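Below is one structure, written out as structure tokens; comments come after it.
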Amino acid sequence: MNAKHTRAFVARAERHRRAASGTVGAEQAEQIRARVRLMIEITARAGSYRRGLVKAAGRLSPEEAEILADLESHGLQVPQLRDVLRGGHVLVDDPRLYEKWRLSKGSHSRLSSHHRDIDKKLYPDIGMHGHVVREKLHGRTAQGTWVQLEKTPAAFGGPKLPRPSDLRHLMDYVVYRLTDSNVGPWGLSRMTERRPLYLAPVLAVPTSLTPPIARSLTLALRRIEANDDVTSASQELAAHFPPPDRPDLAGELGRALSPRAGRGLFGNSDVWVTQTPSRTAASVLRESRAAPAVDGWAKGGTS
């Protein structure tokens, strides 16, 4: 093996290693940042936020973008992003996110009063600073991961001496007690730990069908499939090309939807127009409707 082939082999092995470890390349990281910035800019058009959100989004770090992108991949929609940015408490039924975010650059152990039923020595709460998230705090739940954005960090109980931010954190706690709303980096959210935002809930319960019900269901599915066998060819020709014979039609139920099935990123968004229609396009459409119809075939057409 010559030097050129050796370098190619090493490069291939490194790509496989990064893919296996979940490391995001620079190009992919920039795409994620651009997508999250766009989500923030869209949600900033509706609702009230503290000043500076869009400017902060321009300085979004790859680590911040990764966290928000992970929430989006678990079903977060643009309107729900509003509560996340305002400090809403989020539960995600995916314990892998805890370790993934724990290893992010800039992460550090934090003390908090959230989810006291979890062994904090085994699963300490993790904080991270950022331009958009300000102070991200996340930890483990019994079934997955929780995350919350805070306006100001706190270092109570740690080896560090109290700081001015600790006093501001106490003021945020007073606001929480008075308004029953979390104080996030860009506003207030009613999505507290007692009323959290729930993403990717594990609600499916596998169960088996009794033999009589399975037979009846299979017959019904075969009848529906036979009635739906509509093609551009004649029925006689279609009969010579039957669909694949699957022994367990009932077993396919429940696998039709993908893990991301749902209403989508903008599922419950308000729809609005961001610019006026083009006058040129409007005039062309008016002219096309006013022009008399010409039957080229009736007049001999063109060659």
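Expressed in Å, the radius of gyration and Dmax of the Cα atoms of the stretch 87-129 are 10.6, 27. Give me the one-decimal nm value for the distance between modelled label points at Tyr173 and Glu287, 7 Å along each residue's Cα-to-Cβ direction. About 7.1 nm, to one decimal. Accessible-area rank, largest first, for Ser216, Ser104: Ser216, Ser104, with all protein chains present and a 1.4 angstrom probe.
The values are calculated or read from the model by the stated rules, or taken from the named source; none is laboratory data. All values reported here derive from a predicted model rather than from experimental measurement. For neighbour counting, all protein chains shown are included, and Cβ atoms are generated from backbone atoms with ideal geometry for every residue, glycine included. Note: areas computed on protein heavy atoms with side chains; ligands, DNA, RNA excluded. Shrake-Rupley method; radii C 1.70, N 1.55, O 1.52, S 1.80 Å.
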